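These notes concern the structure reproduced below.
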Amino acid sequence: MTRPKSVTFWRLWVLSQAQRRPPGDTNWTARLEAIAAHTLDERTVDGKIYDPRVSDGKALLGIHAPLKPDFMTTIDLKTKTVSDLMSDDDDSAPFANSTAAMFLPPGNVVAVITGNQSSPKAQSVEKFLEELVPLPTGDRWKIEPLMDHGQLVKLQKEAQGAVAFSSRFSTAVDLLSPESEAPEGMVSFADRIASRVGGDIEVTIEIKLTPESRNRSTSKRMLDLIKGDVPRLVRDRGSKTKATAVLPGGVEEELELVAHRLAATVDIDETASESRRFSALLDYLTRVGGEMEGKVRELLEG
């Protein structure tokens, strides 16, 4: 049994005099190697322990938030008893919720994967940098999602047809797009339903041409229908609008038409205990981060 886990990608910036600028080329491998020599106390920021390491030339960062045992209990399955988890031993090693981060070579981009919902979030990388990679006075670090601006241009310029479409949208009136200018399409059909019921509706739509209908003329008309609706839908990042386009050579490709945060998915084998270790999380991150370097570079170069 596998469970998908998301790897998200974030870009580092420097805020200087209310302006945002790239931090410039940074040798993160050398930076993390230097910080790794600090004591554990020196690498603890806001209660989180930062564990930088370099593996096979990859700049990795473990972020660990120790669990506070306040009001927690321990269950002894042998004796069938429940007791306080609090320990009087100050030297006892606590458990921690953990997150792994990887600094990619291009563009000061960081890939992040969390162990669970309670693990530190990507913003913890910002705290790490503020404390251990300080900037000149008045400047500060800022981390923001790396955005994939979608593949709308590919749909508009390369697609010769379309065989599927999906989206999620509301019929709430858009003052920037007068009704008189709205083309006849799937969105206008939803507008007519809203008009009939006398109130706005939320629509989740998925349309596919049947196999026997997938010819050049029907796929071309399907593409034209989609193009008419796209201007209204792509302004809403929550619409998750996608289309399966027919490209030259008859190749079919699913295109995401709305800007979204760049992410990748890794499947973790939940039946194997070793795959649920933090060291395995670092391995997953290293593999996926390496596979996504080309995509990251493409987005940074425009």
**OP:** Tally the residues that are closer than 24 Å to Val288 by Cα and among the aliphatic types (A, V, I, L, M), restricting the search to segment 1-45.
**Re:** 6
Original post:
What pairs come up if the first residue lies in segment 273-288 and is over 15 Å from Gly62 (Cα atoms), the second is assigned to a helix (DSSP H, G or I), and their beta carbons are under 8 Å apart, counting only those six or more places apart or on different chains?
Top reply: Glu274/Ala280
Subject >> Unique match (being under 26 Å from Arg140 (Cβ atoms), touching a helix residue (DSSP H, G or I) at 6+ places or on another chain (Cβ under 6 Å), among the β-branched types (Val, Ile, Thr) and not in a loop (DSSP other than H, G, I, E, B)) among Ile49, Ile35 >> reply: Ile35
Original post:
Restricting the search to segment 2-32, which residues are open to solvent by 50 Å² or more (accessible area, probe 1.4 Å), assigned to a strand (DSSP E or B) and either under 14 Å from Val125 (Cβ atoms) or among the β-branched types (Val, Ile, Thr) (or both)?
Top reply: Thr2, Arg11
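Does Val203 fit the bill of being surrounded by 15 or more Cβ atoms within 10 Å (Cβ to Cβ) and in contact with a Phe, Trp or Tyr (Cβ under 6 Å, 6 or more places away or on another chain)? Give the derivation first.
Details: surrounded by 15 or more Cβ atoms within 10 Å (Cβ to Cβ): yes; in contact with a Phe, Trp or Tyr (Cβ under 6 Å, 6 or more places away or on another chain): yes.
So Val203 fits the description; yes.
Is it the case that Asp46 is open to solvent by 50 Å² or more (accessible area, probe 1.4 Å) and touching a residue at least 60 places away in the same chain (Cβ under 8 Å)?
Details: open to solvent by 50 Å² or more (accessible area, probe 1.4 Å): yes; touching a residue at least 60 places away in the same chain (Cβ under 8 Å): yes.
Yes; evaluated as a whole, the condition is true for this residue.
Residue-by-condition table, conditions (1) at pLDDT below 90; (2) out of contact with any strand residue (DSSP E or B) (no Cβ under 7 Å at 6 or more places or on another chain); (3) surrounded by 19 or more Cβ atoms within 10 Å (Cβ to Cβ):
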{"site": "Lys58", "(1), (2), (3)": "no, no, yes"}
{"site": "Asp89", "(1), (2), (3)": "yes, yes, no"}
{"site": "Ala93", "(1), (2), (3)": "yes, yes, no"}
{"site": "Thr99", "(1), (2), (3)": "no, no, yes"}
{"site": "Met102", "(1), (2), (3)": "no, no, yes"}
{"site": "Asn116", "(1), (2), (3)": "no, no, no"}
{"site": "Gln123", "(1), (2), (3)": "no, no, no"}
Original post:
Residue check: is Arg221 in the same structural domain as Leu247 (by the TED database), modelled with pLDDT of 85 or more and either under 24 Å from Arg237 (Cα atoms) or open to solvent by less than 30 Å² (accessible area, probe 1.4 Å) (or both)?
Top reply: no
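Just checking, does segment 61-71 include any residue being in contact with a Leu (Cβ under 7 Å, 6 or more places away or on another chain) and modelled with pLDDT of 95 or more?
Taking segment 61-71 first, the residues in contact with a Leu (Cβ under 7 Å, 6 or more places away or on another chain) are 61, 69.
Applying the additional criterion that residues be modelled with pLDDT of 95 or more yields 61.
Yes, segment 61-71 contains a residue that is in contact with a Leu (Cβ under 7 Å, 6 or more places away or on another chain) and modelled with pLDDT of 95 or more.
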Subject >> Total residues in segment 250-302, condition of a type in the set (Asp, Glu), more than 30 Å from Gln160 (Cβ to Cβ) and surrounded by 14 or more Cβ atoms within 10 Å (Cβ to Cβ) >> reply: 2
Original post:
Do we have Lys121 as touching a residue at least 60 places away in the same chain (Cβ under 8 Å) and either within 27 Å of Ser98 (Cβ to Cβ) or outside any loop (DSSP other than H, G, I, E, B) (or both) here?
Top reply: no
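Quick check on Asp51: is it without any contact (Cβ under 8 Å) to a residue 12 or more places away in the chain, touching a strand residue (DSSP E or B) at 6+ places or on another chain (Cβ under 9 Å) and among the charged types (D, E, K, R)?
Values: without any contact (Cβ under 8 Å) to a residue 12 or more places away in the chain: no; touching a strand residue (DSSP E or B) at 6+ places or on another chain (Cβ under 9 Å): yes; among the charged types (D, E, K, R): yes.
No.
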**OP:** Kindly indicate whether any position in segment 159-181 is assigned to a helix (DSSP H, G or I) and modelled with pLDDT of 90 or more.
**Re:** no
Subject >> Scan of segment 25-38 for residues that are without any contact (Cβ under 8 Å) to a residue 40 or more places away in the chain and closer than 19 Å to Ser98 by Cα, ordered by number >> reply: Ala36
**OP:** State all residues of segment 60-73 that are open to solvent by 60 Å² or more (accessible area, probe 1.4 Å) and either within 17 Å of Glu130 (Cβ to Cβ) or not charged (D, E, K, R) (or both); if no residue qualifies, say none.
**Re:** Leu67, Phe71, Met72, Thr73
Original post:
Among the strands (runs of 3 or more DSSP E) contained in segment 199-272, which hold 2 or more residues that are farther than 20 Å from Arg168 by Cβ?
Top reply: 242-247, 251-256, 263-269
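Residues to consider are Arg3, Arg11; find the one that is at pLDDT below 90, within 25 Å of Val266 (Cα to Cα) and basic (Lys, Arg). Can you show your working first?
Numbers: Arg11 fails: at pLDDT below 90.
Only one candidate passes the filter, namely Arg3.
The values are calculated or read from the model by the stated rules, or taken from the named source; none is laboratory data. As the structure is a prediction and not an experimental result, all values here were calculated from the model. Don't worry about glycine lacking a Cβ; one is built from the backbone with ideal geometry, like all the others, and counts go over all protein chains shown. Areas reflect the complete protein model, heavy atoms only, side chains present, ligands, DNA and RNA absent. Shrake-Rupley method; radii C 1.70, N 1.55, O 1.52, S 1.80 Å.
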